[in-house]
Amino acid sequence: MALDPAVNSSTKLSSGANQHLRHVEKDVLIPKIMREKAKERCSEQVQDFTKCCKNSGVLMVVKCRKENSALKECLTAYYNDPAFYEECKMEYLKEREEFRKTGIPTKKRLQKLPTSM
């Protein structure tokens, strides 16, 4: 007696123990979380670079090399850190599991509900 693959795959997907990542999750979604978190953690360098660019106008490419290098160095350190990748991966898996349970994306879940109607 063969199992129906559609039923079998849906049970696998909803299983909390399942941590298999699709190509798009590994190469797009988790790196997106990494970029967002790295920007937060490198906020000082982001602010310095942004301020330099605003003050330099068209010459920012030349005038802001030092700030740009500091920002790149900070971000690259996070991007190359396996522990940081694992942290972001676990955050993604938690969000994915919650979405599979509720059907509501994290963004919508975090939005404030109107208090008066």
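Summary table
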item	result
Solvent-accessible ranking of ARG100, ARG22, largest area first, probe 1.4 Å	ARG22, ARG100
Rounded accessible area of SER69 (nearest 10 Å², 1.4 Å probe)	70 Å²
In order through the stretch 24-34: 3J(HN,Hα) via Karplus (6.51 cos²θ - 1.76 cosθ + 1.60), integer Hz, x for Gly, Pro	5, 5, 5, 9, 10, 6, 5, x, 5, 4, 4
Which listed pairs, of LYS63/LYS107; LYS37/LYS66; LYS63/LYS89; LYS37/LYS108; LYS32/LYS108, have C-alpha distances above 29 Å, in listed order	LYS63/LYS107; LYS63/LYS89
At 1.567 mPa s and 4 °C, Stokes diffusion of the stretch 54-98 via Kirkwood alpha-carbon radius, µm² per second	100 µm²/s
The stretch 65-71 - phi-based ³J(HN,Hα) in whole Hz, Karplus 6.51/-1.76/1.60, Gly and Pro as x	4, 4, 5, 5, 5, 5, 5
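The values are calculated or read from the model by the stated rules, or taken from the named source; none is laboratory data. None of these values were measured; they are calculated from a predicted model. Areas reflect the complete protein model, heavy atoms only, side chains present, ligands, DNA and RNA absent. Shrake-Rupley method; radii C 1.70, N 1.55, O 1.52, S 1.80 Å.
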